[in-house]
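K.L.:
Before we start, here is the structure in question, set down as structure tokens.
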Amino acid sequence: MSRIQLTRGAETIISTLERAGHEAYVVGGCVRDSLLGEEPHDWDICTSAIPSEIMECFSGKRIINTGMKHGTVTVLMNDGGYEVTTFRIDGDYSDSRHPDSVVFTSSLRKDLARRDFTMNAMAYNNHFGLIDPFGGEEALRHNVISCVGNAYDRFQEDALRIMRALRFAATCGFSIQEDTSQAIHRLAPQLKSVAAERIQSELNKLIFGKGALQVLLKYSDVMSVIIPEFAPCIGFDQNNPYHEYAIYDHIAHAVSNYTGNDLTVKLALLLHDIGKPQCYTEDERGGHFHGHGVPSRDIANVVMQRLRFDNRTREDVLTLVLYHDSVIEPTPRVVRRWLNKIGEQNFRRLLRVRMADIEAHAKWTQQSRIERCIALSSILDDIITQGQCFTMKNLNINGNDVMSLGVPEGKRVGTILNTLLGRVISGELENDHGELLDEANKLARKC
């Protein structure tokens with residue numbers, strides 16, 4: 001029998017409900033994750049007790065009314081909050097998200113039957129062990145995602161389940177059972193009615209999954225529903241020796257190549273070539289996409305606004321998309337200029353984007369560009385370690401120093417400081433206070 005190590009809070013809640021004559025189990029994702037050997041993020045509990053009985057059982061505890069009409073209250077224990085929900089049967093989903101009504105039931109099996117995937121339709125307690133009426137444990141053993149019951153019904157109830165299926169396939173590295181997969185392809189257009197914030201949340205998790213490449217490639221039709229701007233990229237042959245993949249496939253490989261945890265980098269890779277079809281030209285040497293960073297940036301801006309990304313993330317992603325294909329010479333002077341232009345954090349991100357992008361090109365084209373990225377990274381580290389100047393705040397002269405030379409407060413002060421900074425970045429001047437003051441004096445006399 002599969003045994004799950006419950007948290008102290010979950011065990012206490014279950015035993016308290018059982019002593020009062022009710023059934024209670026941990027359910028859903030925490031059971032799935034435990035069987036996969038992973039640490040659950042949340043421990044949800046289902047019970048035969050109705051909400052008023054749950055609240056009576058925990059009258060000495062702090063209780064949050066999370067969703068009484070759907071049978072859910074949150075019980076705050078010493079080790080955190082636990083959602084406790086009455087066994088229920090869902091009514092119709094007229095808004096393709098929430099059930100129009102719920103009916104409480106005394107049957108655990110009926111409660112599990114309303115859930116999305118078999119691997120999420122398992123329950124557990126220490127007395128009865130694993131309750132698995134729909135074969136969730138077997139699905140986990142075979143690394144398969146399948147719907148509970150009829151896949152078309154499950155996805156029509158809540159279209160976001162399509163994205164959840166893809167997300168689980170990506171994060172778990174699972175395949176999707178054929179009937180479930182067919183329903184996904186057929187019903188993908190229903191995602192248009194799902195709130196952008198919900199789509200964004202699932203997308204963000206999907207692209208970090210170890211199986212993201214396979215999901216992105218197999219379900220490009222779904223991706224082009226949530227990001228219609230991908231449609232022209234799918235199957236678009238790049239027609240040059242530097243690329244072995246069509247545009248969309250190249251994007252998928254680039255996303256997969258980055259194995260870090262920076263969402264900004266992942267999103268930049270997802271969108272970095274999305275504008276290529278707009279600027280395709282062809283000559284005797286093959287296909288070209290000159291200046292594709294600009295349309296890609298503009299399209300990425302529309303996509304990210306539509307998916308309700310926060311402004312800071314959007315602006316950083318747009319910077320990376322715009323400059324991902326820029327030629328950057330591996331010299332300290334050039335690197336300092338880029339650091340002044342986009343900052344250290346985004347320059348480091350840009351190198352990660354470039355590396356993942358390069359590794360999605362034809363193999364024979366990679367080595368010299370990889371070496372250039374490594375050289376740029378090394379120069380960057382030296383600049384930071386040595387405290388070299390590339391921003392105004394690091395310049396060893398300030399506005400008061402310039403005004404002490406008789407320059408009145410105003411634009412002329414800023415002009416002089418910017419001129420000095422540019423010369424320090426280029427290596428014409430040392431970042432030395434005395435040398436900078438002398439040069440500022442010369443500039444002041446010229447103004």
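K.L.:
With a Cα-only, solvent-free Debye model of the chain, what are the log10 I(q)/I(0) values at q = 0.07, 0.11, 0.14 Å⁻¹?
P.N.:
Reported log10 I(q)/I(0), two decimals: -0.52, -0.94, -1.21.
K.L.:
Same structure again: Defining a contact as two alpha carbons under 8 Å apart and six or more residues distant in sequence, what relative contact order in percent does the chain show? Spell out each step's value before the answer.
P.N.:
On the way: 723 pairs, mean separation 36.8, N = 447.
Reported as a whole number, the value is 8 percent.
K.L.:
Another one. Run the numbers on segment 242-386 and let me know its relative contact order in percent, using alpha-carbon pairs under 8 Å that are six or more apart. Working shown, then result.
P.N.:
Details: 171 pairs, mean separation 41.6, N = 145.
This gives 29 percent for segment 242-386.
K.L.:
While we're looking at this one, here's another question. Enumerate the lysines that Lys363 could reach by cross-link, defined here as Cα to Cα under 26 Å, with residues fewer than 8 away along the same chain left out.
P.N.:
Lys210, Lys218, Lys266, Lys276
K.L.:
May I ask which residue of Leu271, Tyr248, Thr313 lies farthest towards the positive end of the charge dipole of segment 232-360, with charges of +1 (Lys, Arg) and -1 (Asp, Glu) on Cβ and the Cα centre as origin?
P.N.:
Among Leu271, Tyr248, Thr313, the one farthest towards the positive end of the dipole of segment 232-360 is Thr313.
K.L.:
Keeping all protein chains in the complex and leaving out DNA, RNA and ligands, what accessible area do you get for Trp43 with a 1.4 Å probe, in Å² to the nearest 10?
P.N.:
Ignoring ligands and nucleic acids, Trp43 comes out at about 20 Å².
K.L.:
Helix 332-358: angle to the longest alpha-carbon principal axis of the chain, degrees 0 to 90, nearest 10?
P.N.:
Taking Cα atoms only, the helix is inclined about 40 degrees.
K.L.:
Given a 1.4 Å probe and every protein chain left where it sits, what share in percent of the accessible area of the chain is carbon and sulfur? Can you show the working numbers first?
P.N.:
On the way: 9650 of 20930 Å².
Carbon plus sulfur share of accessible area: 46 percent.
K.L.:
So which residue, out of Thr264, Thr281, Thr86, gets the largest mean-square fluctuation from a GNM of the chain using Cα contacts under 10 Å as springs?
P.N.:
Thr281
K.L.:
Ok, one more. Using alpha carbons only, how many degrees (0 to 90, rounded to 10) separate the axis of helix 247-257 from the longest principal axis of the chain?
P.N.:
80
K.L.:
Would you give the gap between the C-alpha center of segment 209-245 and the C-alpha center of segment 105-127, rounded to a whole Å?
P.N.:
36
K.L.:
To make sure I understand the rule: partners must be lysines, Cα under 20 Å from the Cα of Lys341, and not fewer than 8 residues away in the same chain. Which ones qualify?
P.N.:
Lys341 reaches Lys393.
K.L.:
Another question about this same structure. For Ser15 and Glu315 in one chain, what is 0.36 nm times their gap in residues minus the Cα-Cα distance, to one decimal in nm?
P.N.:
Details: separation 300, 0.36 × 300 = 108.00 nm, distance 5.03 nm.
This chain segment gains 103.0 nm when fully extended.
K.L.:
At 1.4 Å probe radius, can you tell me the per residue accessible area of the chain in Å²?
P.N.:
Working: 20930 Å² over 447 residues.
For the chain, the solvent-accessible area averages 47 Å² per residue.
K.L.:
Also, quick follow-up: Using just the helices of the chain, give the 222 nm mean residue ellipticity in deg cm²/dmol: DSSP H runs with n ≥ 4 each add -39,500 (n - 2.57), and the total is spread over all residues, rounded to 500.
P.N.:
Working: 20 runs with 222 residues, N = 447.
One gets -15000 deg cm²/dmol as the mean residue ellipticity at 222 nm.
K.L.:
How large is the dipole of the chain about the Cα centre if only Lys and Arg carry +1 and Asp and Glu carry -1, each at its Cβ, rounded to the nearest 20 debye?
P.N.:
Working: 50 positive and 58 negative charges, 149 e Å.
Result for the chain is approximately 720 debye, rounded to the nearest 20.
K.L.:
Another question about this same structure. Cβ neighbours within 10 Å, averaged per peptide: list 424-431, 205-212 in order, most packed at the top. Provide the component values of the computation, followed by the final result.
P.N.:
On the way: 424-431: 17.0, 205-212: 19.8.
Result, highest mean Cβ count within 10 Å first: 205-212, 424-431.
K.L.:
Where does helix 196-206 land angle-wise versus the long Cα axis of the chain, in degrees 0 to 90, nearest 10?
P.N.:
For helix 196-206, the angle is close to 80 degrees.
K.L.:
In a Gaussian network model over the chain where Cα atoms closer than 10 Å are linked, find which of Phe104, Phe309, Phe128 has the largest mean-square fluctuation.
P.N.:
Fluctuation is largest for Phe128.
K.L.:
Turning to a different aspect of this structure: Which length gain, in nm to one decimal place, applies between Asp283 and Glu359 when the Cα-Cα distance is subtracted from 0.36 nm times their residue separation? Don't skip to the answer; put the middle values down first.
P.N.:
On the way: separation 76, 0.36 × 76 = 27.36 nm, distance 2.54 nm.
Gain in length upon complete extension: 24.8 nm.
The values are calculated or read from the model by the stated rules, or taken from the named source; none is laboratory data. This one's a predicted model, so the numbers in the text were calculated from it and none came from an experiment. Cβ atoms come from the backbone with ideal geometry, glycine included; neighbour counts cover every protein chain shown. Heavy atoms of the whole protein, side chains included, go into the accessibility calculation; ligands, DNA and RNA do not. Shrake-Rupley method; radii C 1.70, N 1.55, O 1.52, S 1.80 Å.
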